[in-house]
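Asker: Starting off with a structure, shown below.
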Amino acid sequence: MSARKPLIAANWKMYKTPSQSSEFVTAFLPLVQDRTRDEIVLCPPFVDISAVVAGTRGSNVHVGGQNMVWQEEGAFTGEISAPMLIACGCTHVILGHSERRQFFGETDETVNKKLHAALKHKLTPIVCVGELLAEREAGKTEEVLLRQTAKGLAGIAADLAHSIVIAYEPVWAIGTGKTATPEMAAEAHHIIREQVARSLGREIADGMRILYGGSVKPENAGALMRQEEIDGALVGGASLDPHSFSKIVLY
Ligand code: 13P
């Protein structure tokens, strides 16, 4: 058994209003209330964070942002900072999701700056990495994962790194219904963990949780999570419904 506590996170992406978020929480909490084996995190859109924090107060469910910027405050229209997420009750933040890389110009360098800021403010960062279909087909998966992991972690002090979580999300598996097989995911996780060891040392690498994301559903969650290398899941579509997400948490 791995000593790493599994983390199951919902990434709601750009779905749900505050009232829909509250409805989700009301239905979801009773389904997972006795669950302590895993760390459970809901990452709603920014405008829903207050409703989700209010609804989950005193429960075993944590709340995270889906993105943030590295500055603390200033003239940065449309951005949200780490101190703001903390002030709203967030404990976690997703960084470098492939949709931010694809559609909003996120790079390894901006992910790295955000990671430094998240650690400074004691948010638990969930750093996303993963290859495009074209990169996998061109045999570049390992190269991409090594680059994203190394650049994402650049300059991070090992004594601050223990809270970092990495999510391996192959881009071709996101929202497509195509899941990496448990063996493919485990192989990618191993590549990432070896790079973490080179960047931050073996002890940090052995303790670091690496999640899988990409079409995780109640039907495939158990097989994925039984892999020694897979320490949890980052779930998109199947996290929008309280019943299907609770089945993933209870895999
Ligand atoms: P899906 O679970 O909808 O494939 O999304 C995965 C994801 O991007 C989670 O961050």
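The values are calculated or read from the model by the stated rules, or taken from the named source; none is laboratory data. Nothing here was measured: the structure is a model prediction, and the numbers come from that model. Don't worry about glycine lacking a Cβ; one is built from the backbone with ideal geometry, like all the others, and counts go over all protein chains shown. Accessible surface areas use protein heavy atoms only, side chains included; no ligands, DNA or RNA. Shrake-Rupley method; radii C 1.70, N 1.55, O 1.52, S 1.80 Å.
Asker: Could you tell me whether any residue of segment 188-200 is more than 10 Å from the ligand (Cβ to nearest atom), farther than 25 Å from residue 239 by Cβ and free of Cβ contacts under 8 Å to residues at least 24 places away in the same chain?
Answerer: There is at least one residue in segment 188-200 that is more than 10 Å from the ligand (Cβ to nearest atom), farther than 25 Å from residue 239 by Cβ and free of Cβ contacts under 8 Å to residues at least 24 places away in the same chain.
Asker: Restricting the search to segment 139-154, which residues are open to solvent by 70 Å² or more (accessible area, probe 1.4 Å) and closer than 17 Å to residue 115 by Cα?
Answerer: Across segment 139-154, the qualifying residues are 147, 151.
Asker: Same structure again: If I ask for residues that are hydrophobic (A, V, I, L, M, F, W, C) and either in contact with a Cys (Cβ under 7 Å, 6 or more places away or on another chain) or farther than 19 Å from residue 166 by Cβ (or both), which ones from segment 212-232 would you list? Explain how you work it out, then say what you get.
Answerer: Keep residues of segment 212-232 that are hydrophobic (A, V, I, L, M, F, W, C), which gives 216, 221, 223-225, 230.
Matches in segment 212-232: 223 only.
Here is a yes/no grid of residues against (1) of a type in the set (Phe, Trp, Tyr); (2) away from the ligand (no atom under 16 Å from the Cβ); (3) within 17 Å of the chain's Cα centre (by Cα):
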{"position": "100", "(1), (2), (3)": "no, no, yes"}
{"position": "105", "(1), (2), (3)": "no, yes, no"}
{"position": "123", "(1), (2), (3)": "no, yes, yes"}
{"position": "127", "(1), (2), (3)": "no, no, yes"}
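Rundown of residues vs (1) part of a loop (DSSP other than H, G, I, E, B); (2) modelled with pLDDT under 95; (3) buried (at least 20 other Cβ atoms within 10 Å of the Cβ), yes/no style:
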residue	(1), (2), (3)
42	no, no, yes
48	no, no, yes
52	no, no, yes
63	no, no, yes
73	yes, no, no
78	yes, no, no
83	no, no, no
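Asker: Which members of segment 169-191 meet the condition of being of a type in the set (Gly, Ala, Ser), within 18 Å of the chain's Cα centre (by Cα) and part of a loop (DSSP other than H, G, I, E, B)? Please lay out each step first, then the result.
Answerer: Of the residues in segment 169-191, the ones of a type in the set (Gly, Ala, Ser) are 173, 175, 177, 180, 185-186, 188.
From what is left, the residues that are within 18 Å of the chain's Cα centre (by Cα) are 173, 175, 180, 185-186, 188.
Residues satisfying the conditions are 175, 180.
Asker: Please work out if residue 155 is within 13 Å of residue 199 (Cβ to Cβ) and either touching a strand residue (DSSP E or B) at 6+ places or on another chain (Cβ under 8 Å) or outside any helix (DSSP H, G or I) (or both).
Answerer: On the way: within 13 Å of residue 199 (Cβ to Cβ): yes; either touching a strand residue (DSSP E or B) at 6+ places or on another chain (Cβ under 8 Å) or outside any helix (DSSP H, G or I) (or both): yes.
Yes.
Asker: Residue 234 - would you say it is part of a helix (DSSP H, G or I) and touching a residue at least 40 places away in the same chain (Cβ under 8 Å)? Working first, answer last.
Answerer: Details: part of a helix (DSSP H, G or I): no; touching a residue at least 40 places away in the same chain (Cβ under 8 Å): yes.
So residue 234 does not fit the description; no.
Asker: Give 211, 240, 250, 234 a once-over and let me know the one that is out of contact with any helix residue (DSSP H, G or I) (no Cβ under 6 Å at 6 or more places or on another chain), near the ligand (Cβ under 10 Å from one of its atoms) and over 21 Å from residue 16 (Cβ atoms). So that I can check it myself, show each step before the final result.
Answerer: Values: 240 fails: over 21 Å from residue 16 (Cβ atoms); 250 fails: near the ligand (Cβ under 10 Å from one of its atoms); 234 fails: over 21 Å from residue 16 (Cβ atoms).
Checking each option against the conditions leaves just 211.
Asker: Out of the residues in segment 167-187 meeting the condition of being out of contact with any strand residue (DSSP E or B) (no Cβ under 9 Å at 6 or more places or on another chain) and polar (S, T, N, Q), tell me which one is nearest to the ligand (Cβ to nearest atom).
Answerer: Filtering segment 167-187 for residues that are out of contact with any strand residue (DSSP E or B) (no Cβ under 9 Å at 6 or more places or on another chain) and polar (S, T, N, Q), the one nearest to the ligand (Cβ to nearest atom) comes out as 176.
Asker: OK, next. When segment 219-231 is examined, which residues are found to be within 14 Å of the ligand (Cβ to nearest atom) and buried (at least 17 other Cβ atoms within 10 Å of the Cβ)?
Answerer: Restricting attention to segment 219-231, the residues satisfying the condition of being within 14 Å of the ligand (Cβ to nearest atom) are 219-221, 224.
Answer for segment 219-231, where residues must be within 14 Å of the ligand (Cβ to nearest atom) and buried (at least 17 other Cβ atoms within 10 Å of the Cβ): 220, 221, 224.
Asker: From (1) part of a helix (DSSP H, G or I); (2) touching a residue at least 12 places away in the same chain (Cβ under 8 Å), pick out the condition that doesn't hold for residue 166.
Answerer: In the conditions (1) part of a helix (DSSP H, G or I); (2) touching a residue at least 12 places away in the same chain (Cβ under 8 Å), residue 166 misses (1) alone.
Asker: Conditions first: (1) open to solvent by 30 Å² or more (accessible area, probe 1.4 Å); (2) within 20 Å of residue 114 (Cα to Cα). Residue 195 passes all but one, so which condition is the exception?
Answerer: (1)
Asker: Checking residue 93 against (1) among the β-branched types (Val, Ile, Thr); (2) within 16 Å of the chain's Cα centre (by Cα); (3) in a loop (DSSP other than H, G, I, E, B), which single condition isn't satisfied?
Answerer: The failed condition is (3).
Asker: Only one of (1) open to solvent by less than 20 Å² (accessible area, probe 1.4 Å); (2) away from the ligand (no atom under 16 Å from the Cβ); (3) not in a loop (DSSP other than H, G, I, E, B) fails for residue 31. Which number is that?
Answerer: Every condition holds for residue 31 apart from (1).
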